[in-house]
1. Which of the residues belonging to the stretch 218-233 are part of a loop (DSSP other than H, G, I, E, B) and either open to solvent by 60 Å² or more (accessible area, probe 1.4 Å) or without any contact (Cβ under 8 Å) to a residue 24 or more places away in the chain (or both)?
2. Is it the case, given these coordinates, that K261 is among the basic types (K, R), over 21 Å from Y91 (Cβ atoms) and free of Cβ contacts under 8 Å to residues at least 12 places away in the same chain?
3. Being surrounded by fewer than 22 Cβ atoms within 10 Å (Cβ to Cβ) and of a type in the set (A, V, I, L, M, F, W, C) is the filter; apply it to the stretch 192-217 and report the residue that is nearest to D73 (Cα to Cα).
4. I need the full set of residues from the stretch 158-209 which are among the small types (G, A, S) and either modelled with pLDDT under 95 or not in a strand (DSSP E or B) (or both), in order please.
5. Going by what's in this entry, would A236 be described as in contact (Cβ under 8 Å) with a residue 24 or more places away in the chain, open to solvent by less than 20 Å² (accessible area, probe 1.4 Å), assigned to a helix (DSSP H, G or I) and not polar (S, T, N, Q)?
6. With respect to the numbered conditions (1) open to solvent by less than 60 Å² (accessible area, probe 1.4 Å); (2) among the basic types (K, R); (3) in contact with a Ser or Thr (Cβ under 6 Å, 6 or more places away or on another chain), which one is the sole condition not fulfilled by K115?
7. Of the conditions (1) open to solvent by less than 50 Å² (accessible area, probe 1.4 Å); (2) of a type in the set (G, A, S); (3) in contact with a Lys or Arg (Cβ under 8 Å, 6 or more places away or on another chain), A258 satisfies every one except a single condition; which number is it?
8. In the stretch 1-85, which helices (runs of 4 or more DSSP H) lie fully inside it and hold 1 or more residues that are modelled with pLDDT of 95 or more and open to solvent by less than 90 Å² (accessible area, probe 1.4 Å)?
Amino acid sequence: MKKTKILFTLIGLIAILTACGKDKQAEEKDTKTGELTKVTIGASETPHGELLKALEPEFKKEGIDLNLVVFSDYVQPNLQLESGDLDLNFYQHQPYLDNFNKDRKTNIVSLKDSKVFITPLLGFSSKIKDIKDLEDGAEIIIPNDPTNGARALLILDKEGLIKLKDKNNLNSTEVDIVENPKNLKFTAVDAQNIPRVYKDADLAFINPNFAIASGLDPKDAIITEAKDSPYANIVAARSGEENKEIYKKVVKVLQSEASRKYIEDTFKGAVLPTF
C-alpha cells in the first residue's frame, strides 16, 4: 500500500513538473510570438518614410507593428499628431517644431535623445555651376516656412553673399539682412513646390526629401549645408506621452546599426546619421 502511495506521489510530481515545464515553454513562446503593438507614425516620404519602411523587420523584433502614414507637406504631420490621429511623427528638426508650437499653439515635444539624421539643405541651379557666380540682382528661391527659410539665409551669410544681423539667429528673415552687396532678390515658396519651379530662379534651396522625391540628385547641388548644422531630425510625440516605453523602442530602432547602414548605403551623404 505504501509503495502504491509513493508511486502515485512520484507520478503526481512528474505531472506537476511537466506541466510547469510546458507552462514555461508556453510563456516563452508567448513572449517571442505575442501580439505586436501598433504604432502609427507620420513621416515625409523621403528619406524618413523610406527609412521607416526599410526598418520594418527591426521594428517587429522590438514588438512594434509599424503603421506608416506618408505626408507631402510639413503642416499636417504635426496637426494630425496633435489631434491624436498619429502616435508619433518623424520628419522635422527641433527649430521647426519650436516655431510650429509657437505659431499653432500646439503642444508637441521631441522624444529624449531622438536625433536620427541631418538632411542638409541643398542649393540647386540650372544657370550657374558655382554659387560665387551669382550675378547682381540674381533671384533666390527659399522655403517659405520660417525655419528652413532662415537656414537658406544662414548659408548665404556663411558664403559671404549677404550679411545677417546675427548669424546665430536660427529665426533670421529677410528683414535681418544688413548687407546685400549683390542686391539678391528673394522669393519664398512652399518647400514641397520648389523642385517644380527651381529652374525659374538663379538659385533655389530645396530640402533633400523633396529633392530626392522629385528625381534631383543631391550630388548635383552647387552648395550643401554644412555637416555641423543644428537641424537634426527628431521623433515627436504629444506632450505627456514622450516617456512611453514603446516609443523608446522606436528610437532604439531608428538609431540602430541597421538604420545607420541603410542611411549611408542609400542616401550617399545626402542624409547624415547623427547617432
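1. Step one: list which residues in the stretch 218-233 are part of a loop (DSSP other than H, G, I, E, B), which gives 221-222, 225-231.
Within the stretch 218-233, K227, D228, P230 qualify.
2. Details: among the basic types (K, R): yes; over 21 Å from Y91 (Cβ atoms): yes; free of Cβ contacts under 8 Å to residues at least 12 places away in the same chain: yes.
For K261, the condition - among the basic types (K, R), over 21 Å from Y91 (Cβ atoms) and free of Cβ contacts under 8 Å to residues at least 12 places away in the same chain - is met.
3. The extreme case among them is A213.
4. We begin by selecting, within the stretch 158-209, every residue among the small types (G, A, S); these are 160, 172, 188, 191, 201, 204.
The answer is G160, S172, A191, A201.
5. Values: in contact (Cβ under 8 Å) with a residue 24 or more places away in the chain: yes; open to solvent by less than 20 Å² (accessible area, probe 1.4 Å): yes; assigned to a helix (DSSP H, G or I): no; not polar (S, T, N, Q): yes.
In short, no.
6. (1)
7. Failing condition for A258: (3).
8. On the way: elements: 2-33, 50-54, 56-61, 76-83.
Per the criteria, 50-54, 56-61, 76-83.
The values are calculated or read from the model by the stated rules, or taken from the named source; none is laboratory data. What you see is a predicted model, and the numbers here were worked out from it, not measured in a lab. With ideal geometry, Cβ positions are generated from the backbone for all residues, glycine too; neighbour counts draw on all protein chains shown. Ligands, DNA and RNA are stripped out before the accessible areas are found, and what is left, the full protein with its side chains, is counted by its heavy atoms. Shrake-Rupley method; radii C 1.70, N 1.55, O 1.52, S 1.80 Å.
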